[in-house]
1. Regarding VAL193, is this residue touching a residue at least 40 places away in the same chain (Cβ under 8 Å) and farther than 30 Å from ILE68 by Cβ?
2. If I filter region 83-100 for residues that are open to solvent by less than 80 Å² (accessible area, probe 1.4 Å), at pLDDT below 85 and not in a loop (DSSP other than H, G, I, E, B), do I get at least one hit?
3. For region 130-150, give me the residue count where each residue is under 16 Å from ALA21 (Cα atoms) and touching a residue at least 40 places away in the same chain (Cβ under 8 Å).
4. Kindly establish whether LEU61 is closer than 25 Å to ILE102 by Cβ, modelled with pLDDT of 80 or more and surrounded by 13 or more Cβ atoms within 10 Å (Cβ to Cβ).
5. Please enumerate the residues belonging to region 142-164 that are touching a Cys at 6+ places or on another chain (Cβ under 9 Å) and open to solvent by 10 Å² or more (accessible area, probe 1.4 Å).
6. Exactly one of these conditions fails for MET73: (1) at pLDDT 80 or above; (2) out of contact with any Phe, Trp or Tyr (no Cβ under 9 Å at 6 or more places or on another chain). Give me its number.
7. Does GLU24 satisfy the condition of being open to solvent by less than 50 Å² (accessible area, probe 1.4 Å) and modelled with pLDDT of 75 or more?
8. Let me confirm something: among GLY177, GLY191, which residue is outside any strand (DSSP E or B) and open to solvent by 10 Å² or more (accessible area, probe 1.4 Å)?
Amino acid sequence: MCHVIVTCRSMLWTLLSIVVAFAELIAFMSADWLVGKARSRGGAEPAGPGGGSPEPYHPTLGIYARCIRNPGMQHFQRDTLCGPYAESFSEIASGFWQATAIFLAVGIFILCMVALVSVFTMCVQSIMKKSIFNVCGLLQGIAGLFLILGLILYPAGWGCQKAIDYCGHYASAYKPGDCSLGWAFYTAIGGTVLTFICAVFSAQAEIATSSDKVQEEIEEGKNLICLL
């Protein structure tokens, strides 16, 4: 019989696990890792309001995607084209970024699996006599290591030709040149930190769900156990 056990710590761990997985996935898919230097649309475009020059824009570049202003939308100056610049894995601009993509993809896959499993920990707390919380916490720690490796290798690719096109000739490994770091990069870093926090917090969730109070209520025949 399934005993549904809900505690504040286990629920918080579950919610954080889901949030971290989604945050890392969104950051990985985003093109806002590098924000390029301001550009104009060129002399053929219409003038801006009041006859002045059109408002400059900042193209963005991700691991495999980019956002640029659509040159064909002359009456909608704020419209941008976003999508992958690489049609295949081998076309990713830098070998370092290819490695980054692999490490981040593995880490995110693990986090998504843990997030899925965490939903069921309210009903099933162990598999083959091993605590799901402890196993998931270990997997989150491993995922965090993959994410760290990916984030360390990513700036090493700033010297590739694609990055130079966006960030100027001063761009090189670990030097973004005229570019600034976008929200996706910071989100990936924040998600990595939260991944390790989740790994630590999984142990607290395990303690909460295996406490003496929980065991007493199970022995009393209760199927729904909610503790603060």
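1. no
2. For region 83-100, residues open to solvent by less than 80 Å² (accessible area, probe 1.4 Å), at pLDDT below 85 and not in a loop (DSSP other than H, G, I, E, B): absent.
3. Qualifying residue count, region 130-150: 11.
4. Judged against the criteria, LEU61 is a match.
5. Once the filter is applied, which keeps residues that are touching a Cys at 6+ places or on another chain (Cβ under 9 Å) and open to solvent by 10 Å² or more (accessible area, probe 1.4 Å), region 142-164 yields only TRP158.
6. Of (1) at pLDDT 80 or above; (2) out of contact with any Phe, Trp or Tyr (no Cβ under 9 Å at 6 or more places or on another chain), only one is false for MET73: (1).
7. Spelling it out, GLU24 is indeed open to solvent by less than 50 Å² (accessible area, probe 1.4 Å) and modelled with pLDDT of 75 or more.
8. GLY177
The values are calculated or read from the model by the stated rules, or taken from the named source; none is laboratory data. The structure displayed is predicted, hence computed values, not measured ones. So basically every Cβ, Gly included, is an ideal-geometry build from the backbone, and we count neighbours across all protein chains shown. Calculation scope for accessible area: heavy atoms of the full protein, side chains included, ligands and nucleic acids excluded. Shrake-Rupley method; radii C 1.70, N 1.55, O 1.52, S 1.80 Å.
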